[in-house]
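Notes follow the structure.
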Amino acid sequence: MSERLTQLKQWLREKTGQDCELAPASSDASFRRYFRIAVEQGSQIVMDAPPEQEDCRPFIHVAELLRSAGLNAPEVIAQDLEAGFLLLSDLGNTTYLEVLNEDSADRLYADALQALTGIQTGIDIETAELPAYDEVLLQTELDLFKDWYLEKHSGVALNEQQQTVWQKTCQILIASALAQPAVCVHRDYHSRNLMQIDEGQNPGILDFQDAVTGPVTYDLVSLLRDCYISWPRAQVEEWVEGFYGQTIRAGTIDADKVSKKQFLQWFDLMGVQRHLKAIGIFARLLHRDDKQGYIKDIPRTLAYVLDVCQRCPELHDFHQLLLELKLPDHVI
């Protein structure tokens with residue numbers, strides 16, 4: 001890694017005309033690293049993305065889509081795709097997670113939901129050339145829960161009857177996702193990837209390189225049933241209803257075709273799919289990548305799944321299965 005840092009510093013010297021001190025800017029669940037440097041204009045962010053493990057091109061592409069839609073995403077100032085280096089504008093160091101509380105939540109989420117409407121209406125999915133959030137990808141993500149959380153982390157191997165319940169549950173979740181209107185989906189739209197901007201357009205939006213074309217409720221559930229901070233269900237549903245109104249006014253959905261009840265059901269089932277994926281990823285980060293910081297977020301995330309499953313008749317069998325398995329992170 002010292003060789004790579006030397007290479008990075010040499011590249012920065014060529015781009016900025018000065019020797020730059022690298023200060024860690026954020027941690028990341030991928031192989032990417034971020035540093036902050038001081039320059040004459042203030043500060044900038046350097047992304048170090050080893051090309052054998054990360055591809056910078058999706059980041060550059062989606063950054064341009066977001067910025068063209070009038071959203072506050074980083075500007076790509078300089079790039080070296082062969083080396084895996086990007087120089088970016090700095091959106092600050094205050095994440096939503098650091099400042100969200102009962103007093104600030106309505107204001108911050110209002111900004112985030114307005115920006116989400118901008119993502120869904122300002123990016124034309126017909127021309128954006130984004131991957132589809134299709135049945136294969138949705139199933140691949142669900143398999144992370146079974147492979148990494150159940151089998152690897154919890155030591156659980158499903159028997160034939162349990163496997164049938166699992167497959168039926170996957171079919172229900174995938175069908176619900178594919179039934180929704182398709183929009184541009186950030187795919188990780190939550191409190192650690194949104195930056196509070198004191199002066200300028202709030203929020204700053206990060207970590208968008210995995211964007212796809214997919215379900216209208218996906219980013220909404222990422223934001224409001226966040227794996228890193230939780231709110232009372234009544235409050236969450238109030239925010240969901242507010243966004244439902246925004247989507248109607250924006251023309252994203254047709255109120256004559258999609259009722260508030262239907263939209264909330266989509267939201268609930270989309271959350272189960274996302275949270276099962278997230279639990280699998282958190283387990284994989286621990287067991288494959290030796291990143292232990294995410295495992296503490298599994299109980300909160302599993303609690304979302306259990307809450308929805310016990311309220312949705314179509315997920316009754318899956319709820320019973322989860323209770324039978326006596327998972328180590330099930331907090332009663």
Only one of (1) in contact with a Leu (Cβ under 7 Å, 6 or more places away or on another chain); (2) buried (at least 19 other Cβ atoms within 10 Å of the Cβ) does not apply to residue 292, and that is (2)
Note on segment 12-43: residues farther than 30 Å from residue 281 by Cα and either in contact with a strand residue (DSSP E or B) (Cβ under 6 Å, 6 or more places away or on another chain) or part of a strand (DSSP E or B) (or both) are 15, 16, 20, 37, 38, 39, 42, 43
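Consider residue 250 carefully, then state whether it is touching a residue at least 24 places away in the same chain (Cβ under 8 Å) and either surrounded by fewer than 22 Cβ atoms within 10 Å (Cβ to Cβ) or touching a strand residue (DSSP E or B) at 6+ places or on another chain (Cβ under 8 Å) (or both).
yes
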Scanning segment 195-236 for residues that are among the charged types (D, E, K, R), under 23 Å from residue 174 (Cβ atoms) and more than 10 Å from the chain's Cα centre (by Cα) gives 225
ask   = Does any residue of segment 134-152 turn out to be in contact (Cβ under 8 Å) with a residue 24 or more places away in the chain, in contact with a Pro (Cβ under 7 Å, 6 or more places away or on another chain) and either farther than 27 Å from residue 96 by Cβ or not in a helix (DSSP H, G or I) (or both)?
value = no
Filtering segment 99-130 for residues that are in a helix (DSSP H, G or I) and either surrounded by fewer than 12 Cβ atoms within 10 Å (Cβ to Cβ) or basic (Lys, Arg) (or both) leaves a count of 1
### Task
Looking only at segment 212-228, decide whether some residue is farther than 20 Å from residue 304 by Cβ and not in a helix (DSSP H, G or I).
yes
Checked segment 108-167 for anything small (Gly, Ala, Ser) and closer than 30 Å to residue 70 by Cβ; matches are 110, 112, 115, 118, 122, 128, 132
The correct count of residues that are part of a loop (DSSP other than H, G, I, E, B), more than 22 Å from the chain's Cα centre (by Cα) and touching a residue at least 12 places away in the same chain (Cβ under 8 Å) in segment 52-97 is 4
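Bear in mind these aren't lab numbers, they're just calculated from the coordinates by the rules spelled out. Keep in mind that what you see is a predicted model, and the values were worked out from it rather than measured. Methodologically, a virtual Cβ is constructed for each residue, glycine included, from the backbone with ideal geometry; neighbour enumeration extends over all protein chains shown.
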